[in-house]
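Down below is the structure, laid out as structure tokens.
The values are calculated or read from the model by the stated rules, or taken from the named source; none is laboratory data. These numbers were taken from a predicted model, which means no experiment stands behind them. Here the Cβ is made from the backbone with ideal geometry for all residues, glycine too, and neighbour counts use every protein chain on show.
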DNA sequence: GTCTATATTGTGATAGAC
DNA sequence: GTCTATCACAATATAGAC
């Protein structure tokens, strides 16, 4: 059903995915605005025009990547609520998601042009960020401002520490490092005992 | 001594600093590659050509900004070693530095084009990152990999949580929020007691 | 699906008047 | 110090052959 029969070994869906993978790498390395169509087609091994068969614009590639990211995030959020997952499990999956989608995570979390584009999009359709949902699951019942800061801090560790470590290790994260990141994130998330009696 | 007498109210040094301030804002908002000379001159209220009296290129503006950042970082490192500062004080000053130089911090810490440019620069002159010095001061005597991860995690919190909070609050950080960020960073930095006996 | 052009606009940068 | 005008080039994107 999925194959039409007229495509060669590298069929349309395949090439499209290869383009997205390359775009994700390059956006993470040089930023969205700093990456040209020629950069992408060069690494792919084709001409610029070939890309326009698969995507109507450079922005269309970014939109597709952000869609992938939102889908992965939505899966995690859904699982966190349905199971439900404890903070340790949520943060652990976030570390794994960062490893598996490091280009995407770096682009969404760092690239200023992408962040401003997403803010603009969020303003247009009135929706808040997907991160907010994960945060509110992490903070649980205690919806205080302090709890929000702790949750955000734990997320900052899972994202930034994981990205920093795998950049020095060809995309791989050892079990020991993962455990250390997770432990630090959990400590950041935990409310200090002294605050209970105040 | 510093004034030559032929300049109007907004003298050269003043205009240069205004340009840098605007460039820092815009680089943080839209990224270095995503910001055009026209963007900067537009916010300044002049034409593009006027900028080239003060800077020889767009890259020259970035170089000047990175120089400012490195100088501020060097000041902190020097103070941390000379005084010497405890981790709590170092992290506290990093939060304050992030608030005072938020545009710079966002650009250096996030913008992929700037990060890759700095990596290339570091490879050329053989020097490591300035961050490494702060990290080694933070980890102190324990130079284990786990201690490095904890230090990096604490830094991730001071940077990311501070930037996130002041973005929602017109550049200001309340005392309470600052204390909460600092506490989370210190928890992330602390070695778990159980690890001592292992 | 991919190619060789080419159209078109954006961008960094310069020349020279004021 | 800033302007108008312009250049050279890089970038996105399209047209049409294969």
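On inspection, residue B:106 does not qualify as within 19 Å of residue B:19 (Cα to Cα) and within 16 Å of DNA strand D (Cβ to nearest atom). Considering (1) part of a loop (DSSP other than H, G, I, E, B); (2) closer than 20 Å to residue A:171 by Cα, the lone condition that residue A:46 does not fulfil carries the number (2). Taking first residues from region B:30-41 that are more than 17 Å from residue B:116 (Cα to Cα) and partners that are near DNA strand C (Cβ under 7 Å from one of its atoms), the Cβ contacts under 7 Å between residues at least 6 apart in sequence or on separate chains come to B:37/B:48; B:37/B:58; B:38/B:48; B:41/B:48.
Among what's in region B:54-85 and is surrounded by 12 or more Cβ atoms within 10 Å (Cβ to Cβ), without any contact (Cβ under 8 Å) to a residue 40 or more places away in the chain and within 14 Å of DNA strand D (Cβ to nearest atom), pick the residue that is nearest to residue A:35 (Cα to Cα). For region B:54-85, the residue satisfying everything is B:58.
The number of residues in region A:86-95 that are surrounded by 15 or more Cβ atoms within 10 Å (Cβ to Cβ) and in contact (Cβ under 8 Å) with a residue 60 or more places away in the chain comes to 5.
Looking at this structure, is residue B:61 assigned to a helix (DSSP H, G or I) and modelled with pLDDT of 95 or more? Answer is yes for this residue. Scanning region A:2-34 for residues that are under 18 Å from residue A:53 (Cα atoms) and either at pLDDT 95 or above or assigned to a helix (DSSP H, G or I) (or both) turns up A:12, A:13, A:14, A:15, A:16, A:17, A:18, A:19, A:20, A:21, A:22, A:23.
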